[in-house]
Every structure is written in C-alpha cells, then in structure tokens.
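Engineer: Would you mind keeping the following structure in view while I ask a few things?
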Amino acid sequence: MPEVMLEIKNIYKNFGDLRVLKGVSTTVNKGEVVSIIGVSGSGKSTFLRCMNLLEEPTFGEVWMEGRLMTPVDPYLREETICATRTFKNLVAGGMDRDAAIKKIKDEDLLKEKHPRAEGPEYQALMKKIYDENHIDINLGRQKMGMVFQNFNLFNNKTVKENITLAPIKIGKQRLKDAKKRGEAVTKTPDDIEKEANEKAMQLLTRIGLQDKADVYPSTLSGGQRQRVAIVRALAMEPDVMLFDEPTSALDPEMVGEVLDLIRSLVKSGMTSVIVTHEMGFAKEVSDRVLFMHDGVIAEEGTPEEVFNNPKNPRCREFLSKVLY
Amino acid sequence: MTFLTNIAKIMSRYWQVFLIQGIGYTLLLSLIAVGGGAFFGALLALAKRSKLKILKALVNIIVEVVRGTPVLLQLYIGVFAFPLIIPKLSSMPYIYSVSIVLIINSSAYVSEIIRSGIEAVDSGQMEAARSLGLTQRTAMLSIVLPQAIKNILPALGNEFIMVVKETSLASTFFVGELMTAYLKVKGYTYLTMECLIIVGVLYLALTYILSKILKAWERRMKAHA
C-alpha cells in the first residue's frame, strides 16, 4: 500500500461567474511524479495552485500527509449531510435516506455559508471534524515547495538571502514557540542562521551557482533564476514539490538546464507535481499523467497510456497538435 | 531700478519675517502635515487593505471627500468646526486647527500613495513568500514593504513639495508662514509687487532645493536596488 502524500477531494474553483475547476480529485503518493498537461485555460495551473491554497478552492478539500488544509466540505461525507436540518426536513417529508442525500448533493441544497441554519448537530460535527484533522495552512505549505513560471525570486534579497529567508524566519519562530511551551531548546538563533547559510551554500554548489551567492536576482539569467527558485523551495526540505510551468518563461537555450535539475530531483525520489508544456519531459519523468480539459481531469494514466493510446477525443486532439 | 532697491530695502528691514518666521512656519507646517499624513496615511492604507467592508468604505469616503473638495474649504471648515468639537481648541491659535486639517488632507493623499506603492509590487513576490510557509505578516514586512518603499518614497517627496505650496492657503488664517509674511510686510510697506516677488523666489528656492535633495536620494536608492 503506497503512502498517500497529497489528497485532493472534489475541488471546485470559481472566479466570480467563471468556473475554472469543476470537481477535480486526485491522490499523489509518496515518491510519485505526476504531470498535468492540457491546453491553456483548462485549469491546470489553478489546480496546482489550489494544492497549496494559493488559490482557495470554492468547494472541496485538500489533505496534506493526512492533515486537512482547507475548511471541511460537508458534501464529501454522508454523516455531515445527515446531520443537517435540510436532510432531516427531507426525510421528515417522506423521502428515504439515500434519495435525500442524492437530492442534496445534486441540487446543492446545504446552506454551508450559514451553518446556523443547519442546526447545532451539524455545526458540532463540522467543528469536530475540523479540529481533529486540520493543520495550520503555513505548516502545510512548509511541506510543499512551489516553483513558479515567473521564478518570483525576492528582488530585494540576494541569491543567498532568497534561499535562507524562510528557513531562518521559520526556524526562529519555531524556536520561540518551543521556548514558550517550556521545551528544552539546544539551538540558538545564531545556530539557525549558520545552518541555513551552510545549507544555502550547499544547494548553490549543487547547481553550480556558489559564486552568485551575494548578487541580486536581477543580474541572473532566466535559467539561473529558475534554478535558484528551485533550491529556494528545497531549502525548506519539502515533502512534495509543485512545479507551475517551470520552463514556460525561459529562452529555449535555458530550458535544458532547468529540466536537468528537475530530472535529477525527481530521480532522487522527490514527490512532484509538474504542470508543463514539455511533453517529452512529462513522458520521460512521470509515473502518471493527467490531461485536463475544461476544468476536469479528462484522461489519466501512465505516460504510455496517455501519450500512445489516448482514449479521450480531446486528449487525442491536443496531443496531435503538440507532438509532431 | 527702484524696484530692486525696494526689494533690498524690504529684505534688510524685514528679513526675519520672511526667512525665519515665514520659511520656518512653512517648513514646520509641511513637516507636520506630511509626517502626520505619513503616519495616518499608512493607517488608512492598512484599513483599506483589510477585509472589513465597513472600514474599507469609511476610508474610501474620507479619501474621496478630501480629494474632491478644495483645501481652502477644508481649512475654513476645520478652523470653524474643530473648536466646536474640541472646546480647548477655541482658545488656541489657528495654527493648531490648520495643522489638523493639513494632516487629514495629506493622510488621504499619502494613503493612496502607499496603497498604489504596495499594489505596484508584483503579486508573485507575496505568493512566493506564502508558498514557503511564511505568514502574511512576515511576507509583508520582509518582502513586499521593502520593495513598496522604493515606489512610495519618491511619491512621498513629491507630496511634500505639493504640501509646501498648499500651506500658502493657511495664510487665510494668518498663521505666520511665507504667505502670511507677505501679507504682513505688504501691510507695513504698501509695496505689493516687491513682496510678492520676494515670497515667490523663496517658495521657488524651497521647492527647488527639496526636489534636488529628493533626486539625489532617489539615485542613491536606485543604486542600492
């Protein structure tokens, strides 16, 4: 039984009237590499951004290592639906249990924005599920590294500071919290800074940019920036890496160096979700490929299945355009 | 020729009124207005970014009213209305009420400067910081604000120059700044044109020096970016 790392349950995302995601679910296991492909506007980037809640899903739940990052979605559980007044009224009106649940799900009848309307039993149950499972959103994010299309290196920090900022800030905060709880701490804030700096230099050496440690990102090439962005995410020692079109903003001659770094990362066993337009790369490194179309996962399978023998007509059409 | 000798005569007799009292009060009022404006403007900008709709609406109303009415009108209202609200003010010189009005006025403008300065920072910076697990507060303080300040400070400098000129309206209440100095000396000497030229040159010198200082400062900031 593979260990589940990231679980996405029935995510919907609306931007005003625009429905971008219409019920997307998937599970990413430990060590697995998942690529998401699809045309622009199919919702693949939004899906990825929902995984670490940079976009808050309108409905649905995100679970990271068995902990809930989003609010509880009552539609996902029969018990929560059964606890609502809406359900009780339907049953009292003579409907049987399964029919009532189906009707509520199909017609979106719960007043989840106004929990009071659904009665105290529902409120208590929702709170119980949340309290038992939720994790602080920042803690969850610390376990997920994110790499952006536009690198998003901090312009006001040097390359090394870019990498050390989060480990130092968060390390010091953890130290403070531990002290507050009265735990014995062996480290000093200076230790944390020293460790973070050493780690940053190691990471920079790994990508061959150790001599760029003290320059500002604006002096780096696109490929160098993206590689720094990747090791910045790695410095937090995440359990899963999310790549949002990591090579789309790069000049062609720089795509290779970034893909090489991602490849070596993936080979070392890093769990990854990669949104990409590089079909050859997706085919090569992925364990599983998701094809998204119009806000849903239209096709899913091993790279061989999806690339060589696509079943969905949209997926066939898409691949015939991008694979030549 | 008599024009220039008149100016020289006025300056030798009344230089204290122009240079010490006039420029002094003008700079003092401007500093109070921009200093207070920066502080309260930052608060307004914060309020505008908050999630509370009421707070947002309130700030919007303040900003729109201040920007949509003449400063002179605001000064009149302030000078006559504030003593009704705070009775203590009625026994104090007008300069207190005038200062409060100028602070409110400049808060509204500064809040817009700060807001647009923060919004001009690429949203990817905040996203990247949050994606690493930093809190909103830390991300704001260590990543977004330092970059926003580079946008804010030059605009704040321009606001300061604007306020230096706007303080002239405070002469309506004879508070002692440059324009009041003009009114006074004109009253003593009946030499209108000469006094106007003196005050004009002084305003010009003030704003010119200020803008040069700002330019140098901006260049230094750019060098550090």
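Engineer: Run the helix sum for the protein assembly as shown: -39,500 (n - 2.57) per DSSP H stretch of 4+ residues, divided by residue count, reported at 222 nm to the nearest 500 deg cm²/dmol.
Structural biologist: Computed ellipticity for the protein assembly as shown at 222 nm equals -18500 deg cm²/dmol.
Engineer: Kindly work out what percent of the DSSP beta bridges joining two residues of the protein assembly as shown are antiparallel, to the nearest 5.
Structural biologist: Values: 21 of 39 bridges.
Beta bridges within the protein assembly as shown, antiparallel portion: roughly 55 percent.
Engineer: Which whole number gives the average count of other chain Cβ atoms within 10 Å of the Cβ atoms across peptide B:122-129?
Structural biologist: 6
Engineer: Size of the dipole of the range B:1-114 about the Cα centre, Lys and Arg at +1 and Asp and Glu at -1 on the beta carbon, nothing else charged, in debye to 20?
Structural biologist: Once rounded to the nearest 20, the dipole reads 220 debye.
Engineer: Normalised radius of gyration for the range A:44-143, please: alpha carbon Rg relative to 2.2 N^0.38 Å, two decimal places.
Structural biologist: 1.20
Engineer: Next question. I need the semi-axes of the equivalent ellipsoid of the range A:181-228: take the C-alpha gyration tensor, multiply each eigenvalue by 5, square-root it, list largest first in whole angstrom.
Structural biologist: Its equivalent ellipsoid spans semi-axes of 31, 10, 9 Å.
Engineer: Same structure, new question: Explain nothing, just the number: relative contact order of chain B, from Cα pairs under 8 Å at least 6 residues apart, as a whole percent.
Structural biologist: 30 percent
Engineer: Test of understanding: ordering B:VAL63, A:VAL4, A:VAL33 by Cβ neighbours within 10 Å, fewest first, what list do you get?
Structural biologist: Going from sparsest to densest Cβ surroundings: A:VAL4, B:VAL63, A:VAL33.
Engineer: Within 10 Å of each residue's Cβ, count the other Cβ atoms and sort A:VAL275, A:VAL185, A:VAL72 from fewest upward.
Structural biologist: Fewest-to-most ranking of A:VAL275, A:VAL185, A:VAL72: A:VAL185, A:VAL72, A:VAL275.
Engineer: Sticking with this structure for a sec: Express the relative contact order of the range A:175-324 as a whole percentage, based on alpha carbon pairs under 8 Å and six or more residues apart in sequence. Walk me through the numbers on the way to the answer.
Structural biologist: Values: 118 pairs, mean separation 20.6, N = 150.
Averaging sequence separation for qualifying contacts and normalising by length gives 14 percent for the range A:175-324.
Engineer: Let me ask something else about it. About the Cα centre, and with charges only on the beta carbon of Lys, Arg (+1) and Asp, Glu (-1), how big is the dipole of chain B? Nearest 20 debye, please.
Structural biologist: I would put it at about 300 debye.
Engineer: Can you compute the charge dipole magnitude of the range A:150-309 about its Cα centre, using +1 on each Lys and Arg Cβ and -1 on each Asp and Glu Cβ, nothing else charged? Give it in debye, rounded to the nearest 20.
Structural biologist: In debye, rounded to 20, the range A:150-309 gives about 1060.
Engineer: May I pose another question? Find the relative contact order for the range A:53-169 and round it to a whole percent, using C-alpha pairs within less than 8 Å whose residues are 6+ positions apart.
Structural biologist: Answer for the range A:53-169 is 25 percent.
Engineer: Using Cα-only point scatterers and the Debye equation, what is log10 of I(q)/I(0) for the protein assembly as shown at each q in 0.06, 0.09, 0.11 Å⁻¹, rounded to two decimals?
Structural biologist: -0.47, -0.86, -1.07
Engineer: Please find, in a Gaussian network model of chain B (springs between Cα atoms separated by less than 10 Å), the residue of B:ARG49, B:ARG137, B:ARG115 whose mean-square fluctuation is greatest.
Structural biologist: B:ARG137
Engineer: Select from B:THR207, B:THR180, B:THR192 the residue whose mean-square fluctuation is largest in a Gaussian network model of chain B (Cα-Cα springs shorter than 10 Å).
Structural biologist: Maximum among the listed residues: B:THR192.
Engineer: While we're here: Using a 10 angstrom cutoff on alpha carbons, build the Gaussian network for chain A and name the most mobile of A:THR58, A:THR26, A:THR186.
Structural biologist: Among A:THR58, A:THR26, A:THR186, the largest GNM mean-square fluctuation belongs to A:THR186.
Engineer: Could I have the simple spin-label model distance between B:THR172 and A:THR58, label points 7 Å from Cα toward Cβ, reported in nm to one decimal?
Structural biologist: According to this spin-label approximation, the distance is 5.1 nm.
Engineer: When DSSP beta bridges are limited to those with both residues in the range A:166-314, what percentage is antiparallel, rounded to the nearest 5? Could you put the intermediate results ahead of the total?
Structural biologist: Working: 5 of 10 bridges.
The antiparallel proportion sits near 50 percent.
Engineer: How far apart, in nanometres, would the label points at A:ASP108 and A:ALA249 be if each is projected 7 angstrom from Cα along the Cα-to-Cβ direction?
Structural biologist: Here the answer is 3.3 nm between the modelled labels.
Engineer: Moving on. What whole-number distance in Å separates the alpha-carbon centres of the range A:173-198 and the range B:56-123?
Structural biologist: Here the two parts' Cα centres lie 46 Å apart.
Engineer: Sticking with this one: Within 10 Å of each Cβ in A:227-240, how many Cβ atoms from other chains are there, averaged over the peptide?
Structural biologist: Mean number of neighbouring Cβ atoms from other chains: 1.
Engineer: Ok, one more. Taking GluC sites (Glu not before Pro) as exposed when DSSP calls them loop (any state but H, G, I, E, B) and at most 13 other Cβ atoms lie within 10 Å, what is the longest stretch of chain A free of them, the sites themselves excluded?
Structural biologist: Result, exposed sites excluded: A:4-182.
Engineer: Using the count of nearby Cβ atoms within 10 Å as a rough guide to exposure, how do B:VAL164, B:VAL17 rank from fewest to most? Don't jump to the answer; show the numbers that get you there.
Structural biologist: Details: B:VAL164 23, B:VAL17 19.
Fewest-to-most ranking of B:VAL164, B:VAL17: B:VAL17, B:VAL164.
Engineer: Next up: What average count of beta carbons from other chains do you get within 10 Å of the Cβ of residues in A:135-146?
Structural biologist: Details: counts 0, 2, 3, 7, 1, 1, 5, 4, 1, 3, 3, 5.
Mean shielding by partner chains, rounded to a whole number: 3.
Engineer: Between B:TRP217 and B:THR69, what is the label-to-label distance in nm when each label sits 7 Å out along the Cα-to-Cβ direction?
Structural biologist: My value for the distance between the label points is 3.0 nm.
Engineer: Name the residue from B:LEU141, B:GLN74, B:ALA45 whose Cα lies farthest towards the positive end of the charge dipole of the range B:1-149, charges +1 on Cβ of Lys and Arg and -1 on Cβ of Asp and Glu.
Structural biologist: Most positive-ward Cα: B:GLN74.
Engineer: May I pose another question? Which residue, chosen from A:PHE151, A:ILE101, A:PRO115, occupies the Cα position most advanced towards the positive end of the dipole of the range A:84-192, where the dipole is computed from +1 (Lys, Arg) and -1 (Asp, Glu) charges on Cβ about the Cα centre?
Structural biologist: Farthest towards the positive pole: A:PHE151.
Engineer: Whole number please: convex hull volume per residue of the Cα set in the range A:174-310, in Å³?
Structural biologist: Working: hull volume 23.1 nm³, N = 137.
Each residue corresponds to 169 Å³ of Cα convex hull volume.
Since every read-out is calculated from the coordinates, none of them should be taken as a lab result. Note that the structure is a prediction, hence the values are computed from the model and not measured. No Cβ is skipped: glycine too gets one built from the backbone with ideal geometry, and neighbour counts run over all protein chains shown.
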